[in-house]
Amino acid sequence: MGRILIIAEHDGSTLNSSTSKCVSCATGIENDGIDIVVFATSGADIASQAAGLAGVAKVLHVDNEANAKPLAAIIAPQVAAMAEPYSHILGPSTTFGKDLMPRVAGLLGVGQVSDIMTVIGPYTFQRPTYAGEAIITVEASADRKLVATVRSASYKTAASGGSAAVEALSVDANLPTHTRYGELKAAASDRPDLQTASRVICGGRALGSKENFDMVFKLADKLGAAVGATRAAVDAGYVPNETQVGQTGKIIAPELYIAFGISGAIQHVTGIKDAGTIVAVNKDAEAPIFEMADIGLVADLFTVIPELESKLG
Amino acid sequence: MKKIMVGLKRVVDYNVRIRVKPDGSGVITDGVKMSINPFDEIALEEALRIKERGEAEEVIAVSIGPADAQQQLRTGLAMGADRAILVQTDELVESLDAARTLLKLIEKESPELVIVGKQAIDDDNGQTGAMLAALWDRPQATCVSEVTFADGKATVTREVDSGLETIEVDLPAVLTADLRLNEPRYVKLPDIMKAKRKPLETVSMEDLGVALEPQLKIVKTDPPAQRQKGVMVEDVDGLISALKDKGLL
């Protein structure tokens, strides 16, 4: 057994729920303690949020001006420098973790297990391959450190009520200057976050235009739902890239997922397999999405969406 | 830039329906169409566009894999790569070993830019680019949807969960291509003919001085759990009552 280190994801003030899901995964791995590390300019507040997660032993925050933004080239050497006491180093399989963790693995000279969906043993895990069409059981060597990302949709958030110790840590690492942060362009939105929303409405290319997609947004607002989309809808420019759900976009696990005009290509459905209830509306009765839908309706989305919206009052 | 190196992985084609072998030893690849990993194809397309803009002189396509991976490299040459290198092996090459192998090629070729796909659609690992950047001790820009170059630097737009992020990296650097970086060109017949005369060098792991160190044993491969087929409803009222029955409305 050994200690587990989880790299916290945050936006400078708030801890991302993907970190909590890493804790849930870690509690399934035999361990001598689960620690979280926060890299920030002044991370005490974020660290105290992490300290409230049940099952966490200690939260470390490494405060440094260089940690103002999540740059893998800056954070990875700091993780590597503090890795010594840990047997497992986990990060979320969000774009933050996908960028950072392989760089950490590279610095440590170890392989990485991406997208842990099930813990079988301390070094044995299940993970999806081929867009979720083949689930492999992979066994990492126990005599090396294990670096892994945790598939957020496979885990619930950890319970609150923890009271882990919070400590400032200074890390001695050479930080490169070859990588500089520019800016983040995020569409301003007061809608629920796609990755954490309990309800998600997704649209496909069948919506036909950016303007028609407004129907989806209106219905989503009524249901308090987040909006997602297929690659085709994003490529067509109807919605921004961060709404893409699937193999190369976001993997989501809402309680309710409603698909409008989505045929059900494996590259998309791999992103929704963990949803509680899947509803599909498509005018093509042969669409593969009906094979996996809990509730299916063969109908034209252009009549269904307005009708649903008005009937939901 | 003088040289751009692009990694092309041979994978089961995007359109093939994946079937897990009944004995759980892997997925069926016999007689299955193989292609360039789509993200790597985007990586190559970007390198070609950079060269065509006059910002690079040579594009080298490299692959690590069996002798048959020559087919994918020939396709890469037909798309417009100037030459190709196959590191031939029949072993399953893990991401870290792939990164170590690419590093050896970098040491030989000294490219200013390396572009690979952000993930391969077979193992879905998404590791090689960032591992390579770590081993090379150079910048990485993963999930790239736009890139421009000036004064020995690349300004990159990355697709991240919260939107679009820009970063600036000094060259040499490793980029990993996301879907919307570009749309790869179609290969035309004359280009396929021309590609046959372009140089394709084959080297072995031993030639490069790489000893594979597998660390991740694949114990078993299973098909995914299937969801139960649900109910069909007739109309919107039926949909609303089905949702109410489940306590979702």
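Applying both filters, DSSP loop and at most 16 other Cβ atoms within 10 Å, to the trypsin sites (Lys or Arg not before Pro) of segment B:153-215 gives B:Arg185, B:Lys188, B:Lys196, B:Arg197. Spin-label pair B:Ala211-B:Met193: with each label point 7 Å from Cα along the Cα-Cβ axis, the two points sit 4.9 nm from one another. Straight-line cross-link partners of A:Lys210 among the lysines, defined as a Cα under 21 Å from its Cα and at least 8 positions apart when in the same chain: A:Lys185, A:Lys218, A:Lys222, A:Lys250, A:Lys283. Annotation note: trypsin sites (Lys or Arg not before Pro) in segment B:1-104 located in DSSP loop regions with a Cβ neighbour count of at most 11 within 10 Å are B:Lys2, B:Arg17, B:Lys33, B:Arg53.
For the protein assembly as shown, what is the percent of antiparallel DSSP beta bridges, rounded to the nearest 5?
Restricted to the protein assembly as shown, the bridges split so that about 35 percent are antiparallel.
Of interest is the spacing of the C-alpha centroids, which for segment A:131-152 and segment B:46-123 amounts to 26 Å. Under 13 Å of direct C-alpha separation, and excluding same-chain neighbours fewer than eight residues apart, B:Lys246 reaches these aspartates and glutamates: A:Glu255, A:Asp294.
Summed over qualifying helices (DSSP H, 4 residues or more, each -39500 (n - 2.57)) and divided by its residue number, chain A shows a 222 nm mean residue ellipticity of -7000 deg cm²/dmol.
Restricting attention to chain A, close to 20% of DSSP beta bridges with both partner residues there are antiparallel.
A simple spin-label model places the labels of B:Asp170 and B:Glu146 2.6 nm from each other, with each point 7 Å out along Cα-to-Cβ. With each label modelled as a point 7 angstrom along the Cα→C-beta vector, the A:Ser310-B:Glu107 pair spans 7.2 nm. With a ≥ b ≥ c the root eigenvalues of the C-alpha gyration tensor of segment B:3-245, is it rounded (a/c under 1.5), prolate (a/b larger than b/c) or oblate? It is prolate, given that a/c is not under 1.5 and a/b is the larger ratio.
Does segment A:199-311 come out rounded, prolate or oblate, given a ≥ b ≥ c as the square roots of the eigenvalues of its C-alpha gyration tensor, rounded meaning a/c under 1.5 and, failing that, prolate meaning a/b above b/c? It is rounded, given that a/c, with a ≥ b ≥ c, falls under 1.5.
Distances between placed amide hydrogens fall under 5 Å for A:Val166 paired with A:Val59, all partners being 5 or more residues away or on another chain. Annotation: amide H of B:Arg83 within the under-5 Å range of B:Val59, B:Ala61, sequence separation 5 or more or interchain, hydrogens built in the peptide plane. When chain A is treated as a GNM with alpha-carbon contacts under 10 Å, the residue of A:Glu291, A:Glu167, A:Glu255 showing the greatest mean-square fluctuation is A:Glu291. With a threshold of 19 Å on the Cα-Cα distance, the over-threshold entries among A:Lys21/A:Lys273; B:Lys2/B:Lys196; B:Lys9/B:Lys153; B:Lys3/B:Lys188 are B:Lys2/B:Lys196; B:Lys9/B:Lys153; B:Lys3/B:Lys188. Between A and B, roughly 6800 Å² of accessible area is buried in total, ligands, DNA and RNA not counted and the probe set to 1.4 Å. Any chance you could give the angle, 0 to 90 degrees and rounded to 10, that helix A:95-108 forms with the longest Cα principal axis of chain A? The two axes meet at around 30 degrees. Would you kindly state the longest site-free stretch of chain B, with sites defined as GluC sites (Glu not before Pro) in a DSSP loop (not H, G, I, E, B) surrounded by at most 15 other Cβ atoms within 10 Å? Here the longest run is B:92-233. Taking a straight Cα-Cα cut-off under 20 Å and skipping sequence neighbours fewer than 8 places away in the same chain, the aspartates and glutamates within cross-link reach of B:Lys21 are A:Glu133, A:Glu139, B:Asp13, B:Asp30, B:Asp90, B:Glu91, B:Asp122, B:Asp123, B:Asp124, B:Asp222. Dividing the summed helix terms, -39500 (n - 2.57) for each DSSP H run of n ≥ 4, by the number of residues in chain B produces a 222 nm estimate of -8500 deg cm²/dmol to the nearest 500.
The values are calculated or read from the model by the stated rules, or taken from the named source; none is laboratory data. These figures come from a predicted structure and were not determined experimentally. As a convention, Cβ positions derive from the backbone with ideal geometry for all residues, glycine included, and neighbour counts pool all protein chains shown. For accessibility, only protein heavy atoms count, side chains too; no ligands or nucleic acids. Shrake-Rupley method; radii C 1.70, N 1.55, O 1.52, S 1.80 Å.
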